[in-house]
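Throughout, read-outs are computed from the coordinates displayed, never taken from laboratory work. Everything quoted here is computed from the prediction, not taken from an experiment. A quick note on method: Cβ atoms are made from the backbone with ideal geometry, for glycine too, and the neighbour counts reach across all protein chains shown.
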Amino acid sequence: MGDLTQAQFDSLLGWLDADRNAAASKYERIQLRMIRIFACRGCNEAESLADETIDRVAAKVDWLIANYVGDPTLYFYGVAQNVFREYLRRKPRTDPSPGPASGAAKSDSDERSHVCLDNCLEHLPRENTSLVMRYYEGEKQAKISNRKRLAQELGITLDALRIRAHRIRGDLRKCVLHCLEQAPAQCNEFGPNAY
Amino acid sequence: MALTRNDLITIRQYLLGQLGEEGQQDIEQRLLREDDLFQELEIAEEELIDEYVDQALSTAERKQFESYFLSTSERESKLEFATALHRYLSKKTVEKDATERSVSPSELTWLERVQTAWTRQTQLVRVALFAAAAVIIVGAFWLVRPHRYAPQSYATVTLTMSTSDRAAGGQATKVKLPLGADALRIEMKLPEALDQAARYRVELLKDTGETRSIERVGQYDESVVVEIPAIQLARGQYALNVYLVKSDQTEHRIKGSYLLTIE
């Protein structure tokens with residue numbers, strides 16, 4: 001959110017839903033999904049473009065309340081299209097990617113990641129750790145068979161297992177990223193109690 | 001709203017930048033409104049990254065993944081995490097296997113060894129082993145169970161008691177070998193009425209000095225009856241003595257012998 005005033009923000013929420021809590025929830029959902037859509041289009045400034053889109057919609061909210069008929073998300077989407085086109089016009093040429101890390105740096109990074117994964121998995125509830133370990137175990141056909149067996153054991157569908165594994169993996173990734181940020185680069189000084 | 005197979009394919013194409021402008025706008029508008037579809041986008045993105053790490057993407061998909069999908073730092077970060085997780089789990093699997101292999105069999109109890117060996121087998125091998133064990137157990141039971149001799153045919157001789165022994169001129173009944181039957185049935189007439197409350201035992205004495213006690217003695221009319229399998233018959237002269245065994249297990253020999261010669 002950029003230059004949005006409190007009054008504009010309140011009006012925007014009022015336009016999304018008469019109930020303040022429901023409106024806040026819709027706002028967050030639209031913002032998150034626009035970020036993901038900009039990212040899917042290869043935009044590295046997805047959050048900034050989502051904010052820009054919301055600001056533009058909020059600037060016209062009084063007019064929208066009076067005149068717009070239909071699903072507000074579609075209006076957001078239309079504005080997002082324009083914001084993205086403008087982004088493409090002003091976007092500098094992409095810098096070449098930094099390239100693969102050197103062998104030593106990669107090894108060091110691996111070691112740090114593994115220490116963080118060890119620690120984070122240890123702090124997950126035991127059943128979640130077990131689920132992640134088993135969900136990603138094996139390759140190709142063996143992996144598929146493992147997952148079927150795991151779903152049967154847990155008494156859930158494969159789709160439900162997929163969603164559960166996705167959520168646990170999300171938590172694990174957040175923990176590992178936090179751990180890597182907190183830990184010093186030298187893995188020797190990096191212990192489980194560092195975070 | 002439940003997702004269709006087409007939705008899953010479309011999401012994958014969207015992530016790889018393979019949809020036209022119209023298709024892209026359509027799926028993006030749905031992503032803004034449909035919770036299930038948005039969740040599928042998140043999961044499919046993760047799975048696409050895993051497939052890339054596992055080298056399971058086709059050449060075309062791999063090219064598209066590298067040129068289009070990996071164009072944001074967020075996705076590069078997700079790829080780094082997926083790679084680290086993949087390596088970590090591979091390492092853990094190798095360590096686990098090595099640990100299992102490094103445990104000396106002598107450190108395991110026989111039960112643990114059996115359990116370890118059992119869990120390493122495939123389902124088919126387990127079924128085969130189970131069937132083989134069942135066959136062995138049934139076979140062993142059959143072999144060790146007490147076999148009851150059940151002859152199909154008999155040769156019968158009826159002996160009367162001789163109060164004098166062979167040396168004193170007692171007459172022996174003669175039986176010729178081969179017997180022509182599975183067993184020899186010997187009926188011995190008793191000099192007194194059968195004691196129904198008691199049982200009888202017969203002692204078989206051979207002229208070579210061998211003695212054999214026969215506990216399975218039938219009672220019939222005024223006779224006691226024993227059966228000797230043909231295979232156990234050997235030529236020679238025999239005397240059979242009958243004992244009355246009372247319920248208190250005291251024995252009383254019935255005076256006299258039954259003489260038999262097998263030729």
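The Rg/Rh ratio for segment B:1-107 is 1.17, where Rg is the radius of gyration of the alpha carbons and Rh is the Kirkwood radius. Can you bin segment B:18-64 into rounded, prolate or oblate? Criterion: square roots of the alpha carbon gyration tensor eigenvalues sorted a ≥ b ≥ c, rounded for a/c under 1.5, prolate for a/b above b/c, oblate for the rest. Since a/c reaches 1.5 but b/c is at least a/b, the shape of segment B:18-64 is classed as oblate. FRET efficiency for the pair B:Glu251 and B:Ala132, taken as 1/(1 + (r/R0)^6) with r the Cβ-Cβ distance and R0 = 51 Å, rounds to 0.50. Membrane-span-like helices in chain B, defined purely by DSSP H runs whose alpha carbon atoms cover 27 Å or more axially and whose average Kyte-Doolittle hydropathy reaches 1.6, are B:123-144.
Take each residue of peptide A:114-120, count the partner chain Cβ atoms within 10 Å of its Cβ, and average: the result is 3. What the Cβ-Cβ distance of B:Lys206 and B:Phe141 gives, at R0 = 30 Å and to the nearest 0.05, is a FRET efficiency of 0.25. Near B:Gly236: Cβ cut-off under 10 Å, other residues only, Lys/Arg at +1 and Asp/Glu at -1. The net charge is -1. Taking 7 Å steps out from each Cα toward its Cβ at B:Asp35 and A:Ser25 produces label points 0.7 nm apart. Ranking of A:Ile35, A:Ile65, B:Ile49 by neighbouring Cβ atoms within 10 Å, starting from the fewest: A:Ile65, A:Ile35, B:Ile49.
Across segment B:170-235, C-alpha contacts under 8 Å between residues 6 or more apart give a mean separation that, scaled by the residue count, equals a relative contact order of 41 percent. Using a 7 Å offset from the Cα along the Cα-to-Cβ direction at both B:Glu222 and B:Glu192, what is the distance between the two label points in nm, to one decimal? Inter-label distance under the simple model: 1.4 nm. Size descriptors for chain B (Cα atoms only): Rg and Dmax, in that order, 45.0, 128 Å.
Think of segment B:17-57 as having a plus end and a minus end, set by charges on the Cβ of Lys, Arg, Asp and Glu; of B:Gly20, B:Ile43, B:Leu57, B:Gly20 sits farthest toward the positive end of this dipole.
Taking a straight line from the alpha carbon of B:Lys206, these lysines sit under 22 Å away, with near neighbours fewer than eight places off in the same chain left out: B:Lys174, B:Lys176, B:Lys189, B:Lys255. With neighbour counts taken as other beta-carbon atoms within 10 Å, the residues A:Ile144, A:Ile54 rank, fewest first, as A:Ile144, A:Ile54. Size descriptors for segment B:176-261, from the alpha-carbon set: Rg then Dmax equal 13.2, 41 Å. Can you pull out the trypsin sites (Lys or Arg not before Pro) in segment B:190-263 whose DSSP state is coil and whose Cβ has at most 15 other Cβ atoms within 10 Å? Sites meeting the loop and neighbour criteria: B:Arg216, B:Arg235, B:Lys246, B:Lys255. Considering only beta bridges that DSSP places wholly inside chain B, some 80 percent are antiparallel. Partners of A:Lys174 within straight-line reach, counting lysines whose Cα lies under 16 Å from its Cα and excluding those fewer than 8 residues away in the same chain: B:Lys78. Report the normalised scattering of segment A:13-62 as log10 I(q)/I(0) at q = 0.14, 0.18, 0.19 Å⁻¹, calculated by the Debye formula with identical scatterers on the alpha carbons. Debye output, listed in q order: -0.37, -0.58, -0.64. For B:Glu42 and A:His178, a Förster radius of 22 Å and the Cβ-Cβ distance give a FRET efficiency of 0.65, rounded to the nearest 0.05. Computed on chain B, with alpha-carbon pairs under 8 angstrom and 6+ residues apart, the relative contact order is 14 percent. By other beta-carbon atoms within 10 Å, ranking A:Tyr77, B:Tyr220, B:Tyr258 with the fewest at the front produces B:Tyr220, A:Tyr77, B:Tyr258. Near B:Arg62, within a Cβ-to-Cβ distance under 14 Å, what is the net charge of the other residues, with Lys and Arg +1 and Asp and Glu -1? Its environment carries a net charge of -3.
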